[in-house]
Amino acid sequence: MKRIIFCLSLLWLTTACNQTADQKTAITEAKPEAEAPHEEGPADVVELSTDQLRIGAVELGQVENRNLGQQLQLNGRLAVPAQSQVAITAIQGGFVRSLPLLPGQPVRKGQVLARIQNPELVALQQEYAENHSRLTYLDAEFARQKELSEQNVSALKVFQQTASERNQVRSRLGGLAQRLQLVGLSPQAALNGTFSAYYVVTAPMSGIVTNVAVTNGQFVQPSDVIAQLTGSQGLYAELTVFEKDLPQIREGQRISLRLNNEGGKERSGRITYINRAIDADRSVRVVAKLDQPDARLSPNTFLKAGLDLGKSRVTALPEGAIVSAEGKDYIFIVTDEKAPEEHEHEEGEKAHSDKEEHDHKAGETEQHGTTFKQIPVRRGVTEGGYSQVTLPSGFDLAKARVVVKGAYAVLSQLQAASGEEEGHAH
């Protein structure tokens, strides 16, 4: 009896172990099937239905070859010629007694900039008056000695000495008069006994005071700079052109200018001079004259310039075909690639006597409409509603169907689809 019971127990344990192994095998086979990943389409591909194409006013076309004007973009600044930058100096040394100037102050030609005191000016005016009196005497003596010499009454030597002294005094008098006039003093006033120890420094041109270098009471030498003036006369644009672009530049070319502080206002000019000396950074300086000079403009203002290089045949698309996203430009072309799909997982389990079946059904979205692929491009010059585009290598101009209108509608759908995919959990 004990032997029969032992055999029945051993048979029951063997059957239980086999059933447990079969269950583990079924679960192991079903698990990978449930976790099998599904394939995703490219992130730069989107599908639009017929209704979406109609609502977005999407139109298709091809890349064209068109004649568009080419422009060379340059950087530069406003500059003034040397004759419009003046250093104000003292003509005669002296003490500054008046200096009604401030940096940035506009001044007009002839305006008094400084009043300087020099006691030596009094001696200069006195010397002029004395030499003038001496010359008056010598003129009379010269006439008398000439008459006596002609009558052989006086020796010729005395006449010649008088003539020589007369010429010396006349020369000295002329020099003194020039020195007085140079500082703005009147020689005639000195003859009338009116002497002055002051003279004024006036503006040689109209402009803006850019620097005041001295103070009241300071003694200045003739070489010392009192102030600096900058005028707008002859203001020009100094452009930087790199060596590789130099063959495209010629004198007389038209140019458009946009100053950094004028909010996009466009000015026009013409290239007048090209400096042939190449700097260390392999660039040259090009001078462009403004068509309409403006006294309100400030030297050293930075600017951007566009140089018209004429028309050339380039690949182009309507402006509505090009979209911008994250600082880059794109177009859309029709493609056969599949757009990303949403997957719905349904899992069902049914028990069977011999095995366990696991059914995984993925919901499928019916494909209607047109599929588009996003293509990066580089935008160039724009003219007449068309923009030049630089296409990636291998782009087939003859076969590619491009969105020429409504590209932003396609971009919006692509961005919306990308947002859905990012939030979709598998």
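The values are calculated or read from the model by the stated rules, or taken from the named source; none is laboratory data. None of these values were measured; they are calculated from a predicted model. When we count neighbours, we look across all protein chains shown, and the Cβ atoms used for this are built from the backbone with ideal geometry, even at glycine. To get the accessible areas, we keep the full protein, side chains included, count just its heavy atoms, and leave off ligands, DNA and RNA. Shrake-Rupley method; radii C 1.70, N 1.55, O 1.52, S 1.80 Å.
Filter region 77-114 down to the residues that are in a strand (DSSP E or B) and closer than 14 Å to residue 222 by Cα, then identify the one that is nearest to the chain's Cα centre (by Cα). The residue in question is 87. Taking the criterion of being among the β-branched types (Val, Ile, Thr), within 25 Å of residue 111 (Cβ to Cβ) and either in a helix (DSSP H, G or I) or touching a residue at least 40 places away in the same chain (Cβ under 8 Å) (or both), the only residue of region 142-195 that qualifies is 183. Checked against (1) within 22 Å of residue 95 (Cβ to Cβ); (2) open to solvent by 80 Å² or more (accessible area, probe 1.4 Å); (3) not in a loop (DSSP other than H, G, I, E, B), residue 200 passes all but condition (2). Whether a residue is on the phi < 0 side of the Ramachandran plot, open to solvent by 40 Å² or more (accessible area, probe 1.4 Å) and either in contact (Cβ under 8 Å) with a residue 60 or more places away in the chain or of a type in the set (A, V, I, L, M, F, W, C) (or both) was assessed, and residue 285 does not pass this test.
Is it true that residue 78 is at pLDDT 90 or above and not small (Gly, Ala, Ser)? Criteria met by residue 78. Of the residues that make up region 309-318, is at least one open to solvent by 40 Å² or more (accessible area, probe 1.4 Å) and not in a strand (DSSP E or B)? There is no residue in region 309-318 that is open to solvent by 40 Å² or more (accessible area, probe 1.4 Å) and not in a strand (DSSP E or B).
Restricting region 231-255 to residues that are at pLDDT 90 or above and among the hydroxyl-bearing types (Ser, Thr, Tyr), the residue that is surrounded by the most Cβ atoms within 10 Å (Cβ to Cβ) is 236. For region 388-408, does any single residue satisfy the condition of being open to solvent by less than 50 Å² (accessible area, probe 1.4 Å) and at pLDDT below 80? No, the conditions are met nowhere in region 388-408. Scanning region 113-129 for residues that are more than 13 Å from residue 209 (Cβ to Cβ) and surrounded by 15 or more Cβ atoms within 10 Å (Cβ to Cβ) yields 115, 116, 117, 118, 121, 124, 125, 127, 128, 129. Can you tell me which residue is farthest from the chain's Cα centre (by Cα) among those in region 265-282 that are open to solvent by 80 Å² or more (accessible area, probe 1.4 Å) and closer than 14 Å to residue 307 by Cβ? Only one residue fits best here, namely 270.
Each row is one residue, and each column tells you yes or no for (1) in a loop (DSSP other than H, G, I, E, B); (2) over 35 Å from the mean Cα position of the chain (by Cα).
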site	(1), (2)
372	no, yes
377	no, no
380	no, no
387	no, no
395	yes, no
400	yes, yes
